[in-house]
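Encoded as structure tokens, the structure appears first; notes follow it.
The values are calculated or read from the model by the stated rules, or taken from the named source; none is laboratory data. None of these values were measured; they are calculated from a predicted model. Please note: Cβ atoms are built from the backbone with ideal geometry, for glycine as well, and neighbour counts cover all protein chains shown. Note: accessible area is taken over every heavy atom of the protein model, side chains too, but ligands, DNA and RNA are not part of it. Shrake-Rupley method; radii C 1.70, N 1.55, O 1.52, S 1.80 Å.
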Amino acid sequence: MASHVTSRLVLFVIFFVLVGLTALTVWVAYQDLGSWNAPVAVAIATLKAMLVIVIFMEMRFGQPLTWFAGASGVLFLLLLIGMTMADAMSRGWLGVPGK
Amino acid sequence: MSSRTSTVAHQFDDAEQQRNASTLGIWVFLVTEIMMFGGLFTAYVLYRSSYPEAFAAASHHLNATLGAANTIVLLSSSLSMALAVRASQVGSRWGTVAGLVVTIVLGCIFLGVKGYEYASKFEENLVPGPFFDLPGAEPQSELFFSLYFAMTGLHAVHMVIGVGVLATLVVMALRRRFDADYHNPVEIGGLYWHFVDIVWIYLFPLLYLLGRH
């Protein structure tokens with residue numbers, strides 16, 4: 001059976017990259033980026049999550065069906081947040097009672 | 001009967017098919033986990049966008065230093081978990097046990113720091129309820145702490161379950177249940193542990209670091 005094994009070096013390098021990105025998250029949180037602080041924080045977190053998924057969780061050796069399953073979770077999470085916010089942010093558009 | 005055939009359940013053609021099935025299975029479970037945490041993240045995004053000042057003010061009462069330290073602890077536990085999975089793949093029994101034990105210890109350190117943080121919040125009257133008291137803050141700051149306890153609490157429950165899963169894996173490894181051909185439980189336990197790490201990767205900046213600038 002073709003079991004893929006990740007080298008210790010790769011695991012340690014990814015770990016230190018994750019620690020570095022954590023330091024970057026903290027540093028950037030104290031910079032005033034206006035309304036961009038939250039998107040940058042989420043972008044860095046997503047980069048860290050992708051490193052964990054692809055390397056630590058060995059998704060780069062994953063079957064297409066496994067990728068599909070994981071992506072469906074992200075898709076429905078974005079739908080959940082996106083449609084909730086679309087509702088909340090558009091409620092004031094019509095000046096009618098019971099909005 | 002060789003050890004390989006004995007570890008492949010009868011419904012599978014071979015060990016690789018069995019491994020792919022268990023990997024897909026845990027990922028489908030993790031998708032349901034994404035949706036469970038997703039409900040809380042949605043509530044967070046909605047109320048943070050509705051009351052940005054109250055949330056930023058409340059966030060300042062969290063200890064960012066402890067949060068950052070706990071992030072490093074959890075990332076270290078993911079490294080030791082990945083090393084345990086690697087050891088199980090190459091058939092190193094003691095490497096697997098050592099990696100799992102280090103992961104358990106780091107997980108317990110995380111929970112200990114979390115418990116200390118919770119105790120501080122009780123002492124500072126920052127726990128939502130009749131004794132919540134944050135002078136000069138908008139009332140919605142209580143909502144932030146409700147979400148803080150719900151999200152980190154659900155995450156901590158996952159950590160406790162994860163420690164139980166890893167302890168079970170240690171016992172299985174010591175009983176020689178795994179070898180280079182069969183170590184699916186270690187890999188699946190690892191995927192669960194890494195997922196819980198990813199949840200914290202998002203929780204840390206969203207709860208501890210908002211409005212710091």
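Below are the figures for this structure:
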{"read-out": "Extent along principal axes [Cα atoms of the protein assembly as shown; Å; largest to smallest]", "value": "74, 43, 35"}
{"read-out": "Residue-by-residue Karplus 3J(HN,Hα) for the stretch B:47-52, coefficients 6.51, -1.76, 1.60, Hz, glycine and proline x", "value": "6, 5, 6, 6, 10, x"}
{"read-out": "Average accessible surface area per residue within the stretch B:80-213, 1.4 Å rolling probe, Å²", "value": "39"}
{"read-out": "Cα-only radius of gyration and Dmax that characterise the stretch A:16-71, units Å", "value": "14.2, 42"}
{"read-out": "Using θ = phi - 60° and Karplus 6.51 cos²θ - 1.76 cosθ + 1.60, couplings along the stretch B:65-78 (whole Hz; Gly, Pro as x)", "value": "5, 5, x, 5, 4, 5, 4, 5, 4, 5, 5, 4, 5, 5"}
{"read-out": "Table column - 3J(HN,Hα) (Hz), the stretch A:30-40, Karplus curve with 6.51, -1.76, 1.60, x for Gly and Pro", "value": "8, 8, 8, 9, x, 7, 8, 4, 5, x, 5"}
{"read-out": "Where B meets A: accessible area buried, both sides, 1.4 Å probe, Å²", "value": "4200"}
{"read-out": "Choice from B:Arg175, B:Arg93, B:Arg19 showing the highest fluctuation, given a GNM over chain B with Cα pairs closer than 10 Å", "value": "B:Arg175"}
{"read-out": "Largest-first ordering by accessible area, 1.4 Å probe, given options B:His194, B:His213, B:His10", "value": "B:His10, B:His213, B:His194"}
{"read-out": "Per residue accessible area of chain A, 1.4 Å probe, in Å²", "value": "61"}
{"read-out": "Helix axis angle, B:184-203 relative to chain B longest principal axis, alpha carbon, degrees", "value": "20"}
{"read-out": "Residue-level accessible surface for A:Leu47, protein heavy atoms, 1.4 Å, Å²", "value": "90"}
{"read-out": "Helix axis angle, A:64-90 relative to chain A longest principal axis, alpha carbon, degrees", "value": "20"}
{"read-out": "Dipole magnitude of the protein assembly as shown about its Cα centre (Cβ charges: Lys, Arg +1; Asp, Glu -1), debye to nearest 20", "value": "560"}
{"read-out": "Percent of Cα-Cα distances greater than 27 Å, calculated over the stretch B:13-208", "value": "37"}
{"read-out": "Solvent-accessible area of B:Phe41 with every protein chain in place, 1.4 Å probe, in Å² to the nearest 10", "value": "30"}
{"read-out": "Heavy-atom accessible surface of the stretch A:15-99: percent carbon and sulfur, 1.4 Å", "value": "77"}
{"read-out": "Among B:Ala98, B:Ala57, B:Ala21: highest mean-square fluctuation, GNM of chain B, C-alpha pairs under 10 Å", "value": "B:Ala21"}
